[in-house]
Amino acid sequence: MTSRLLHCHGAVQIALILFVLQASYVSSVRARAISGGGCIASEREALISFRECFVDSAGRFSSWRGQDCCSWKGVRCSDRTGHVVKLDLGSQDYSDAILLRHQLSSSIAGLRHLRYLDLSFNYFNFTRIPLFLGTLSNLRYLNLSQTDFLGIVPTQLGNLSRLQYLDLSIYCSNCLEVSDLSWLPRLSLLKSIELSGINFGSISDWVHKVNVLPNLEILSLSNCGLNSTISTLSHSNLTNLEMLDLSYNHGLTGELPVWIGNLTNLSYLDLSYNMLVGSIPSGIEKMTIGNMTSLIYLDLSQNNLVGSVPVEVGNMRSLDILDLSQNMLVGDVPDGIGTLSNLTYLSLGLNNFSGVLSKEHFVNLVKLEYLDLSQNSLKIYFDEHWVPPFRLTGVYLRSCDMGPQFPSWLRWQTGTFTLDISNTSIYDVLPHWFWVAFSNTYILDLSINQLSGALPEKLELPFIEVMDLSRNYLSGQLPANLTAPNLGNLLLHNNRFTGTIPGYVCDGFGEINLSNNQLTGDFSECSATGRPLIMVDLKNNNFSGEFPRFLQNATELSFLDLSHNKFSGSVPTWVAEKMPRLEVLILRSNMFHGHLPKLLTGLVGLHYLDVAHNNLSGSVPSSLARLRAMRFSKGGDAHNYSSDSISTFVKDRELNYTHELTKKIVLIDLSSNVFTGYIPTELCFLKGLRSLNLSKNQLSGPIPGNIGALRGLESLDLSYNYFNGEIPSSVSDLNFLSCLNLSYNDLSGRIPSGQQLQTINGRYMYIGNSRLCGPPLLDNCTTNYTDQNFNQEHESEMHAISSCYPSLCTGFILGLWAVFCTMLFKKTWRTAYFRIVDVFYDKVYAQVAISKVVFMKKFLR
């Protein structure tokens, strides 16, 4: 025993001696390398040179002072060798980012012992990933995520054979591109690879490159433009996989492979926003059998999955997030979902689920915070006195059946930020407790129900941003006091509200929609001083007074509908100056008078102009031709407005368009006013026009001959005016025309023929023009047109003769006595005179006879 102790003691002494010698050697090495500080001089100089590449407005390099670089923030040295082994200049977001001046300095390549490099969330000025990073052969960790590098990912990264963590993910789609993946298999030690946002282009063998990485635990290739079938991804070498994210690859197809259930270490699976088909395999529940981890995140949303949800989903007891929304799943919601006691997020919306959901589906969901069942055929039935075990922050139940009574269980959801129970078949009075329970809500949507009752006289909603109570049966006056400093969208349309407008309505909403109510009064006391208005819709009320002056502060307004009210006065000249972003202007069916302001042409984005059914007069401004947005087809890149629709007369009938669709319509409607004069030929420059309505005015003159230049025109209505002359032949060039109305004018001649015109059957569009002929009319142009020419010639001759009568009579009277006196004394003059009289008599007689025939023909037709 003693000998063993002596032997052990001797071994310890030898070990101590060796350790001292090694420490002495290392110390001597460091002493030789360090010059006046606590780090190796050459590496300190490399770091200083690297720092000079950046603009450091956030003070990230404020600690990089003195000789000891190992004490600088973000720099870490080895305790054993003194070499810099870690450089962490990444940030959590862009708030304290550093900005690259020109090019990244290659001095960093001098840090040969660097094992960890994080440059994430910085600005690299759209430069390329430097090739010299491939020389840092000791790197285990490389994070260049969310930097604005641009170009091709260099293949030199394949030289980093010791790399275990690689993150090049980027928000900027297509900024980085992979043209060759041959370098990837060389990184055989990789445990995590995140390349989200990088364009894989036409690379189809990415699956094979990934399959040979046996140590892989994290694989994130979201939004990479992958084009392949998911079944080609083998699980044989991916048994260690804990996270798989292939979301937002719209070219990723195929059925969910059953082998996914064999990835027993998987805790995170995101295959959303792809083109996956087939059903959810029942073997998916096997993902909960792992010894170390279990699935906590499952997102299969936005695919084309069909069939029902396997009942085995109830075995996935560790699930925190389950998202199967926006597929084509059918059947009942499995009861087993009610056993997922760790679930905080459940989204099954936009599917075809049916059946009844009761408290048994939710009784154990004590941690549930987010619930989306919207756009399904589900009946949600809870007992009136049931108190749910959860407190939801997000509730989306649109188009489910929750009625007829107002759901009382919502009374307990006092922490809800978003509540959408629109179109849920509720036929009830809106309870008073509702405004107390949801006083802290951000988004509130109760639209498309049959809620009745009145709103409280005083409402305090300090956080609300969107309030949509539209399309109900709410009545009474609007709240006299509304405390809602953050309210952006106030949508109360299609109700039965009465009374006048409170002052706050004009003060500070992004969108105001009060249309289709019974509101009265004017806006003379209204002033806007809050956030910029984007949309104002006041149609179908009983508003009166002049054009609302509070709109002079609406410099961001793009949509304005005042139609079907009793507004009067003139259309103000300040519209273009004060509302320069206006795109849709609807003043239809009011009592506006005066001229249409020529300054409207300052609205460069105006593509929808409807002032029909007013008392506007004067000529049609030729300056309308300068409306830039009407010169081209509208692409639909304007504002997105909240739901509801506008009515207009297009293609000879009333059509309803959503606010969204009005972005694609290019329209001018000046009908039912008292405009006079000609159609300006300049209007034919508006080649984006799809509908032009000038009917029921007092316009005259010919239809412009270049009307055919409006090639995109679908509807043209010029009826009930005084247009004359022939219909221009260029009308036949309107290849998209599906509605034409030229009735009740004074047009004449042959109706033009054309392939598109022949598809528009209906004589009504030419009725009231007695001198038109040709198909589709029954009048034969060969006869009628000749007779008309004959009539026109002789009518013009008679007009010429009748215009001569006053001068003939005057000359005859003045010269009568002089001639008569001369003829008394000269016989030859008398003979010549009577011969002239005979000739004149014969001509007059013939002209009268011809005129009589013409008159009789015209009278007897």
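Just so you know, all these numbers are worked out from the coordinates, no wet-lab data involved. These numbers were taken from a predicted model, which means no experiment stands behind them. Quick reminder, even Gly has a Cβ in these numbers, built from the backbone with ideal geometry, and neighbours come from all protein chains shown.
Give me, ordered by chain and number, the residues 5 or more places off Leu357 or on other chains with an amide H under 5 Å from its own placed amide H.
Lys379, Ile380, Tyr381
Does segment 488-779 classify as rounded, prolate or oblate by the C-alpha gyration tensor (a ≥ b ≥ c root eigenvalues; a/c under 1.5 gives rounded; else a/b over b/c gives prolate, otherwise oblate)?
Prolate, since a/c reaches 1.5 and a/b exceeds b/c.
First check a/c for segment 445-530, with a ≥ b ≥ c the square roots of the eigenvalues of its C-alpha gyration tensor; if it is under 1.5, answer rounded, and if not, answer prolate when a/b is larger than b/c or oblate otherwise.
Note, shape of segment 445-530 comes out oblate.
Once amide H atoms are placed 1.01 Å from N in the peptide plane, what residues at a sequence separation of 5 or more from Gly453, or on another chain, have their amide H within under 5 Å of its amide H?
Amide H neighbours of Gly453, under 5 Å, 5+ apart: Ser475.
Does anything in segment 490-504 have its amide N under 16 Å from the 7 Å Cα→Cβ label point of Asn481, and if so which residues?
502-504
Could you tell me the calculated FRET efficiency between Asp746 and Met591, based on Cβ-Cβ distance and R0 = 35 angstrom, to the nearest 0.05?
The calculated FRET efficiency here is 0.70.
Asp180 to Val55: FRET efficiency via 1/(1 + (r/R0)^6), r the Cβ-Cβ distance, R0 30 Å, to the nearest 0.05?
For R0 = 30 Å, the calculated efficiency reads 0.35.
Quick one: length gained pulling Trp433 to Gln67 fully straight, 0.36 nm per residue minus the C-alpha distance?
Full extension from Trp433 to Gln67 adds 125.0 nm.
What list of ³J(HN,Hα) couplings, whole Hz, do you get for segment 265-281 from phi and the Karplus terms 6.51, -1.76, 1.60, once you set θ to phi - 60° and write x for glycine and proline?
Computed from phi, the couplings for segment 265-281 are 8, 5, 10, 9, 9, 10, 10, 6, 6, 10, 10, 6, 10, x, 9, 7, x Hz.
For Ser282 and Lys191, compute 0.36 nm times the residue count separating them, minus their Cα-Cα distance, and round to one decimal in nm.
29.9 nm
So what J values fall out for segment 358-368 if you push phi through Karplus, 6.51 cos²θ - 1.76 cosθ + 1.60 with θ = phi - 60°, rounded to Hz, Gly and Pro as x?
Once θ is set to phi - 60°, the couplings for segment 358-368 become 10, 5, 4, 6, 10, 4, 9, 7, 6, 9, 4 Hz.
Please compute the modelled spin-label separation between Tyr94 and Arg711, points set 7 Å along Cα→Cβ, answer in nm with one decimal.
Output for this residue pair reads 4.1 nm.
Mind checking the full-extension length gain between Val311 and Gln450? Use 0.36 nm per residue of separation minus the Cα-Cα distance, one decimal, nm.
My answer for the length gained is 46.4 nm.
First check a/c for segment 156-266, with a ≥ b ≥ c the square roots of the eigenvalues of its C-alpha gyration tensor; if it is under 1.5, answer rounded, and if not, answer prolate when a/b is larger than b/c or oblate otherwise.
Because a/c hits 1.5 or more and a/b fails to exceed b/c, segment 156-266 counts as oblate.
List the residues whose amide H sits under 5 Å from the amide H of Ser619, counting only those 5 or more places along or on another chain, with H placed 1.01 Å from N in the peptide plane.
Amide H to amide H, under 5 Å and 5 or more residues apart or across chains, Ser619 pairs with Thr676.
What nm value, rounded to one decimal, do you get for the distance between Arg128 and Asn237 when each label is placed 7 Å out toward the C-beta?
In this crude label model, Arg128 to Asn237 measures out at 2.9 nm.
Please turn the phi angles of segment 105-113 into ³J(HN,Hα) values with the Karplus equation 6.51 cos²θ - 1.76 cosθ + 1.60 (θ = phi - 60°), one per residue in order, whole Hz, x for glycine and proline.
5, 6, 4, 5, 5, x, 8, 5, 9
Along Cα→Cβ, 7 Å out, is where each label goes; now give me the distance between the ones at Ser173 and Arg631 in nm to one decimal.
Each label point is offset 7 Å from its Cα along the Cβ direction, giving 3.1 nm.
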